[in-house]
Amino acid sequence: ATSLYWTLDVFVSLNSAYYLPDGDIVESRVLILIRYIRTWFLLDVLILVPEYFILWTELLSGGGVRGGVARLDTMGLFRGLRVLRILRLLRLVKLDKIWR
């Protein structure tokens with residue numbers, strides 16, 4: 001479920017206009033893409049690649065998704081990368097401040 005959320009977040013980020021400090025709105029897809037790559041792209045990759053690696057490893061091994069993820073999680077693989085999710089959640093807090 002979290003993989004789906006972060007994947008959808010990437011698509012939303014790539015389709016969200018933003019405001020410049022002078023108040024102008026940027027709707028150009030190219031400029032939105034450039035801004036995304038400069039800001040959140042690396043963090044999103046670091047979050048999603050391990051998630052999909054675990055998912056695909058379990059699907060290809062035939063072990064099912066739930067049991068395999070629990071085993072890999074128990075082994076501590078990619079546990080540190082979960083902290084990166086918190087950084088993304090901080091982005092939501094920042095967006096909340098902008099809306100107010």
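The values are calculated or read from the model by the stated rules, or taken from the named source; none is laboratory data. Values in this document were obtained by computation on a predicted structure and should not be read as measured data. Virtual Cβ from ideal backbone geometry, glycine too; neighbours counted across all protein chains shown. Surface areas here come from the heavy atoms of the whole protein model, side chains and all, with no ligands, DNA or RNA. Shrake-Rupley method; radii C 1.70, N 1.55, O 1.52, S 1.80 Å.
Can residue 58 be described as open to solvent by less than 50 Å² (accessible area, probe 1.4 Å), modelled with pLDDT of 70 or more and under 18 Å from the mean Cα position of the chain (by Cα)?
Values: open to solvent by less than 50 Å² (accessible area, probe 1.4 Å): yes; modelled with pLDDT of 70 or more: yes; under 18 Å from the mean Cα position of the chain (by Cα): no.
Criteria not met by residue 58.
When residue 76 is tested against (1) open to solvent by less than 50 Å² (accessible area, probe 1.4 Å); (2) modelled with pLDDT of 80 or more, only condition (2) is not met. When restricted to residues that are of a type outside the set (A, V, I, L, M, F, W, C), open to solvent by less than 60 Å² (accessible area, probe 1.4 Å), modelled with pLDDT of 90 or more and more than 19 Å from residue 90 (Cα to Cα), region 14-55 contains 2. Cβ contacts < 8 Å: first residue assigned to a loop (DSSP other than H, G, I, E, B), restricted to region 16-27; second residue exposed (fewer than 10 other Cβ atoms within 10 Å of the Cβ) and of a type in the set (Val, Ile, Thr), any location; separation 6+ or different chain. Result? The qualifying pairs are 17/25. The single condition among (1) of a type outside the set (Ser, Thr, Tyr); (2) outside any loop (DSSP other than H, G, I, E, B); (3) open to solvent by less than 90 Å² (accessible area, probe 1.4 Å) that residue 11 does not satisfy is (3).
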